[in-house]
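Report on one structure; see the data block that follows.
The values are calculated or read from the model by the stated rules, or taken from the named source; none is laboratory data. The structure displayed is predicted, hence computed values, not measured ones. Using ideal geometry, Cβ is built from the backbone for each residue, glycine included, and neighbour counts are taken over all protein chains shown. Side chains are part of the model used for accessible areas, which takes the heavy atoms of the whole protein and leaves out ligands, DNA and RNA. Shrake-Rupley method; radii C 1.70, N 1.55, O 1.52, S 1.80 Å.
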2 protein chains.
Amino acid sequence: MKILVLGGCGTLGSAIVSQLKEKNRSYEIITAGRKTGDVHVDMTSKESIEAMFAKIGNVDHIVNAAGSAEMKPIEDLTQDDLKFSINSKLLGQVNMVLIGSKYLNEKGSISLIAGVIKDELIKMGTMYALTNGAVAAFARAAAFDIKKNIRINCISPSVLDESMVEYAEYFKGVKSVPAAKAAKAFIDVIESDVNGQEIKVY
Amino acid sequence: MKILVLGGCGTLGSAIVSQLKEKNRSYEIITAGRKTGDVHVDMTSKESIEAMFAKIGNVDHIVNAAGSAEMKPIEDLTQDDLKFSINSKLLGQVNMVLIGSKYLNEKGSISLIAGVIKDELIKMGTMYALTNGAVAAFARAAAFDIKKNIRINCISPSVLDESMVEYAEYFKGVKSVPAAKAAKAFIDVIESDVNGQEIKVY
């Protein structure tokens with residue numbers, strides 16, 4: 001079974017990769033990222049995604065642990081901040097469904113990532129709320145609409161314990177979770193029949 | 001009291017305007033739209049929004065009844081469809097908070113519009129689910145983050161009775177509501193202290 005892990009070299013992505021390897025040594029894992037991983041890809045570019053799949057061929061599962069949004073007081077957000085957040089945390093993931101699904105084997109799955117910010121609100125978190133709300137709703141709707149026999153879900157982890165060193169001041173009052181716990185949710189989705197769900201790891 | 005109604009010449013916008021006029025004759029109502037209304041505005045353009053407010057001055061309430069998204073099977077969605085949907089139904093509304101809030105008097109309010117598609121799923125509805133999910137989450141987060149003493153909410157109406165002539169085949173199984181009922185939700189928000197809420201009119 002061939003599994004593509006986007007953002008596979010990040011904190012969460014690495015945890016997903018190591019759990020997949022532990023779980024089943026026959027899994028063939030390919031990591032991808034803008035600048036790291038086995039293959040490089042710009043998820044906001046149709047051409048770049050197609051070039052990646054031309055290189056690696058069809059896969060059975062696509063897991064996304066990549067993407068970020070700007071954290072700023074709403075008063076300071078510029079048009080560029082908006083564009084960056086939507087491109088990085090939203091459009092790349094939508095593209096992975098629109099384009100990636102064509103390179104997914106039947107009965108495969110795509111797992112997107114949203115996050116806790118939208119159910120929990122934090123100061124400077126408007127771009128995360130916007131993109132998380134969009135991704136969670138899109139994943140459900142895409143699973144409902146797509147004709148191919150594949151599953152589409154979204155995992156929404158809380159902020160990671162491992163990220164709290166850097167982000168604690170932003171996430172005051174939000175209970176963090178270990179990357180290993182968030183990673184397990186991705187593995188559970190691959191190994192189950194779950195479809196059209198938002199899996200919350202808070 | 002000065003109230004700006006974006007999309008004020010559409011089906012929902014007209015209903016909002018006529019209820020506001022009935023309610024209180026002292027309300028000063030300004031309608032805006034891309035090509036219709038008292039003033040013209042392209043909500044995706046910072047410059048166009050600023051030019052509009054330079055013309056009309058500060059307002060007490062901003063109501064948005066404008067914006068649409070592409071309805072297509074997910075397999076047929078192009079990069080242009082994505083861009084159109086996000087610009088029209090999402091970014092324009094975000095701009096109305098980011099930029100419009102500067103031209104809003106203290107204690108004023110901004111009411112955005114999302115919709116039923118995300119809680120209810122329909123075929124070809126992925127772009128509506130995505131943008132509605134984004135707008136609803138953004139409105140809550142924006143109300144939480146913004147420092148100015150204003151209120152920000154989002155109204156999510158079901159498909160309108162008046163639109164079912166054209167859209168019935170898309171909204172199979174979804175219960176429609178009269179434009180007058182959806183419009184009342186906007187007026188209720190203006191005349192109340194509601195803040196950071198998604199008001200569902202299903």
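Quick notes
- Amide H to amide H, with H built 1.01 Å from N, B:ILE199 comes under 5 Å of B:CYS154, B:ILE155, B:SER156, counting only residues 5 or more places away or on other chains.
- Note on A:89-95: average number of Cβ atoms from other chains within 10 Å of each residue's Cβ is 3.
- Nearby lysines by direct alpha-carbon distance to B:LYS172 (threshold 27 angstrom, same-chain neighbours under 8 apart not counted): A:LYS147, A:LYS148, B:LYS72, B:LYS83, B:LYS89, B:LYS118, B:LYS123, B:LYS181, B:LYS184, B:LYS200
- Over chain B: helical MRE at 222 nm, DSSP H runs n ≥ 4 each giving -39500 (n - 2.57), nearest 500: -11000 deg cm²/dmol
- Rounded to the nearest 20 debye, dipole of the protein assembly as shown from Cβ charges on Lys, Arg, Asp, Glu: 260 debye
- The mean sequence distance of close C-alpha pairs (under 8 Å, at least 6 residues apart), as a share of the length of segment A:55-148, puts its relative contact order at 38 percent.
- If you run the Gaussian network model on chain B, springs between alpha carbon atoms under 10 Å, then out of B:GLN79, B:GLN19, B:GLN93 the most flexible one is B:GLN79.
- One equal scatterer on each Cα of the protein assembly as shown, no solvent, Debye formula: the resulting log10 I(q)/I(0) at q = 0.06 Å⁻¹ is -0.24.
- Bins of 10 Å from zero: percent of alpha-carbon pairs in segment A:107-202: 17, 45, 28, 9, 1
- Across q = 0.13, 0.14 Å⁻¹, segment B:67-127 modelled as identical point scatterers on its alpha-carbon atoms has Debye log10 I(q)/I(0) values of -0.44, -0.50, in the order of the q list.
- By average C-beta atoms within 10 angstrom, highest first, the peptides A:35-44, B:164-173: A:35-44, B:164-173
- Stretchable slack from B:SER48 to B:LYS147, in nm (0.36 nm times residue separation minus alpha-carbon distance): 33.2 nm
- Residue list for segment B:135-161, given a label point 7 angstrom along the Cα-to-Cβ vector of B:MET1 and an amide N cut-off under 19 Å: B:149-155
- Assuming charge only on the beta carbon of Lys and Arg (+1) and of Asp and Glu (-1), the dipole of segment A:2-201 about its Cα centre is about 440 debye to the nearest 20.
- Chain A has equivalent-ellipsoid semi-axes of 26, 19, 16 Å, by the square roots of 5 times the alpha carbon gyration tensor eigenvalues, sorted largest first.
- Interface area, chains B and A: about 3300 Å² of buried accessible surface, summed, with a 1.4 Å probe and ligands, DNA and RNA left out.
- Distance from segment B:130-202 to segment A:1-24 (C-alpha centre basis), Å: 40 Å
- Here segment A:48-202 exposes an accessible surface that is 51 percent carbon and sulfur, computed with a 1.4 Å probe and the other protein chains kept in place.
- Relative contact order computed over segment B:2-201 (Cα-Cα under 8 Å; 6+ residues apart), in percent: 21 percent
- In the assembled protein chains, B:ILE152 presents an accessible area of approximately 0 Å² (probe radius 1.4 Å).
- Among the DSSP helices (H) of chain A, those spanning at least 24 angstrom by Cα along their long axis with an average Kyte-Doolittle hydropathy of -0.5 or more are A:126-145; this is a geometric and hydropathy rule only.
- Averaged over the residues of peptide B:116-127, the number of Cβ atoms from other protein chains lying within 10 Å of each residue's Cβ is 4.
- Over the protein assembly as shown, accessible surface divided per residue gives 41 Å², non-protein components excluded, 1.4 Å probe.
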